[in-house]
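Engineer: Mind looking over this structure? Questions follow.
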Amino acid sequence: MTAGLILGAFAVAGVGLVAVTHALTLERTAANERAATLRKVAGVIPPEYMDNDPLQDLIEVSDPDLLGGETTRVYRIRGDGKPLAVVLDPIVPYGYMGPIKLLVSVLTDGTLGGVRVLAHRETPGLGDKIELAKSDWVLGFNGKSLKNPPEAKWRVKRDGGVFDQFAGATITPRAIVGAVKNTLRFVEQRGTSLYDRPASATPQATGES
């Protein structure tokens with residue numbers, strides 16, 4: 001076998017190895033992203049609620065005025081085939097340091113199952129208290145609805161509402177309170193139609209944890 005043939009054989013083998021490695025890496029990355037997304041969704045829904053796969057029972061909606069982004073994912077949660085909750089990933093357009101990505105679950109009775117911050121650039125030591133790892137502030141949304149408190153009280157305490165703000169950082173919690181209220185409004189407006197649409201979107205990662 002000539003040197004040229006030997007080099008050619010090595011080149012073909014090398015390309016094949018790279019292709020196989022790339023395919024395996026993509027598969028592993030997709031599996032990891034799926035697992036991470038499922039954990040985030042499950043984090044705002046009581047585990048006993050979910051007996052379907054919300055990453056497959058997914059639609060995309062568009063309401064920038066209420067949800068902040070051009071498109072928003074809606075994961076449907078079902079038990080025994082019955083609708084139980086939706087989990088949305090709205091965006092807070094105007095945080096203190098930029099957009100804030102949220103994950104918000106709304107039960108069929110209109111109450112919040114939970115709220116989590118997925119990604120933000122708020123000031124460390126001040127605005128970053130919106131993270132569950134930094135404080136329990138975000139847990140204050142659990143069980144709230146547009147009737148509890150009344151919509152007029154969906155404000156931080158400094159503005160006459162019921163939600164705490166942070167010392168030296170009012171803009172961040174004020175923006176999140178408004179975004180969560182708007183998410184509740186969106187779900188109230190759409191009602192059962194959110195559960196009726198056929199699943200059509202391709203699941204993607206929800207952002208940072």
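Engineer: What is the sum of charges, Lys and Arg at +1 and Asp and Glu at -1, for the other residues whose Cβ falls under 15 Å from the Cβ of GLY69?
Structural biologist: Residues near GLY69 contribute -3 overall.
Engineer: Each label point is 7 Å from the Cα along the Cα-to-Cβ direction; what then is the distance between the points at THR192 and GLU60, in nm?
Structural biologist: Modelled inter-label distance: 2.8 nm.
Engineer: Could you let me know the centre-to-centre spacing of the stretch 41-67 and the stretch 148-168, using Cα atoms, in angstrom?
Structural biologist: About 26 Å separates the Cα centre of the stretch 41-67 from the one of the stretch 148-168.
Engineer: Further question on the same structure: May I have the count of lysine pairs in the stretch 47-196 with C-alpha atoms under 30 Å apart, counting pairs 8 or more residues apart or located on different chains?
Structural biologist: 28
Engineer: With all distinct Cα pairs included, what does the Kirkwood hydrodynamic radius of the stretch 47-196 come out to in Å, to one decimal, could you say?
Structural biologist: For the stretch 47-196, the Kirkwood estimate is 15.6 Å.
Every number here is computed from the coordinates shown, using simple stated rules; none is lab data. Source: prediction; values computed, not measured. Positions of Cβ are generated from backbone atoms using ideal geometry, with glycine treated the same way; all protein chains shown enter the neighbour counts.
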